[in-house]
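All remarks here apply to the structure that follows.
The values are calculated or read from the model by the stated rules, or taken from the named source; none is laboratory data. Keep in mind that what you see is a predicted model, and the values were worked out from it rather than measured. Using ideal geometry, Cβ is built from the backbone for each residue, glycine included, and neighbour counts are taken over all protein chains shown.
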């Protein structure tokens, strides 16, 4: 039976690239048949990476079948996985996020969750000497994942080891990290083809705070003014998106990659209260700038209070 390998819903570059990397490893090194899959349409940066390295976009799947062999990467949260994930046969988890709990398996499995900035870095370590056997395209995808998740080492989630692995891969590929990262971030910043609802869901995760459910969305960009020009339309879309997705509120953080800060859209008193209690800021108007805040995993989610 072919093993399906996939990351979280609303796939970013890591959730798109890491299944491809690990599928190569399972096929070529372990000698088992495996295929990378996606749980949604990848973002513009991830599409750029696939094109840049000559790789086909993995098939998008809606759910998994009972007893189907799966490997989960870049998440361990059931809310970010197919509805029937606990009916499948999950054989391995590789991740770098907090342990969410709630997954059931048919037996003991390998679980690797490490405090690194990127799942691809964890995979590089798990491969050991076999990492040197990766073809150029797989190395390119792995490098892309690390640069994306670390915002080219600007994110506070970045570790020395993430940087070390990225620099080694870039040297192998004879790439300039600043030049290549700039190409990636330019692709990520082009959101002109997406509706407001699509932007709110593009890179988002659901979290519960104080008994309320939130869709916490980030838009990482080198051109925040382009996104902020759509501020009114984005805020107007929040209520219908929240209703459709079964959450109380959408929180949108526009991450300015180059200046290392975020702008939180503030459509109502609920978000105003969250901004005050979580980040200690007083909101005047419908936006608030949060200097130094760029990481949802390390800076936004842990701070959220109501």
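Points to keep in mind about this one:
- Reported count of residues in the stretch 184-193, each being surrounded by fewer than 18 Cβ atoms within 10 Å (Cβ to Cβ) and out of contact with any helix residue (DSSP H, G or I) (no Cβ under 7 Å at 6 or more places or on another chain), is 3.
- Every residue from the stretch 253-277 that is over 22 Å from the mean Cα position of the chain (by Cα) and crowded, with 17+ Cβ neighbours inside 10 Å: 266, 267, 271, 272, 274, 275
- Every test in (1) touching a strand residue (DSSP E or B) at 6+ places or on another chain (Cβ under 6 Å); (2) closer than 20 Å to residue 209 by Cα; (3) not in a helix (DSSP H, G or I) is passed by residue 305 save one, and that test is (1).
- Sole exception among (1) touching a strand residue (DSSP E or B) at 6+ places or on another chain (Cβ under 7 Å); (2) over 22 Å from residue 24 (Cβ atoms); (3) surrounded by fewer than 18 Cβ atoms within 10 Å (Cβ to Cβ) for residue 80, by number: (3)
- Number of residues in the stretch 52-66 that are touching a helix residue (DSSP H, G or I) at 6+ places or on another chain (Cβ under 9 Å) and outside any loop (DSSP other than H, G, I, E, B) equals 1.
- Residue check for residue 233: modelled with pLDDT of 95 or more, under 26 Å from residue 40 (Cα atoms) and surrounded by fewer than 15 Cβ atoms within 10 Å (Cβ to Cβ): yes
- Among the residues making up the stretch 67-110, those that are in contact (Cβ under 8 Å) with a residue 60 or more places away in the chain and in a helix (DSSP H, G or I) are 79, 80.
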